[in-house]
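All remarks here apply to the structure that follows.
Read the figures in this text as sums done on the coordinates, not as results from a lab. All figures in this text were calculated on a predicted structure; none of them were measured in a lab. Here Cβ is always computed from backbone atoms with ideal geometry, including for glycine, and neighbour counts include all displayed protein chains.
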Amino acid sequence: MAKAVFHKGQRVYVRPVGTWATVEQVKPQWVKGVEEPLRVTYDAGLGREFQAHELAAEEKEVQKPDLIETENWRVLRATNRKVGDMRDASHPYPGSYPVVVTDEKDWGGWRVPVAEYDREPTRIEHQARVFANALRLMRVTRELIEFAQDFPQETPPQLQELAQQAEMVMAAIYHEPAAQIEQAQHAL
């Protein structure tokens, strides 16, 4: 006995042909006196009928949690390996350097080599603050975009322009195809 695995209109990968197709018809083969079909074949418009083992369903894209909502990046101070070496007194925080952590266990994140920190400590400290606050900036950017979309009549032209620029920034962050980014630029 067989049951239908795929339904009409479902997108499937046809293994023998090596292409994607849409199920046009589900064709059960009935036998008199039996409650379920003996077998089920599928017409995908490719010239012959296929059985379920020859087809594969399109996998649903699993929604990943939005980093903007779930993470909280912060700056921690890491001590230099050479504790006795307090470094140059011109360093903003002598004896340590910044580490931007992106998880609760303080593992992942942005780190800078001590040699690079020694070369330009003020610049590295500034970068650490920028990285740590990037998600907050993304939240503000998203809110600006949503406001401009929800209230287009009430949004001043200057704010509309900023919202369009914010959309381009978010598209660049989330790696949207270049064509969509170009469309947004032409809208300006």
Checklist outcome for this item: Full extension between residue 3 and residue 32 adds, at 0.36 nm per residue less the Cα distance, a length in nm of 8.8 nm
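Sorted by packing (mean other beta-carbon atoms within 10 Å per residue), highest first, where do 146-159, 17-30, 118-131 land?
The peptides rank, most packed first, as 118-131, 17-30, 146-159.
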Next on the checklist: About the Cα centre, and with charges only on the beta carbon of Lys, Arg (+1) and Asp, Glu (-1), how big is the dipole of the stretch 11-57? Nearest 20 debye, please.
Outcome noted: 100 debye
Checklist entry - From the backbone phi of the stretch 22-28, what are the Karplus-calculated ³J(HN,Hα) couplings (6.51 cos²θ - 1.76 cosθ + 1.60, θ = phi - 60°) in whole Hz, Gly and Pro given as x? => result 10, 5, 8, 8, 9, 10, x
Item to check | J(HN,Hα) series, the stretch 37-49, from Karplus relation 6.51 cos²θ - 1.76 cosθ + 1.60, nearest Hz, glycine and proline x | outcome: x, 5, 8, 10, 10, 10, 9, 10, x, 10, x, 8, 8
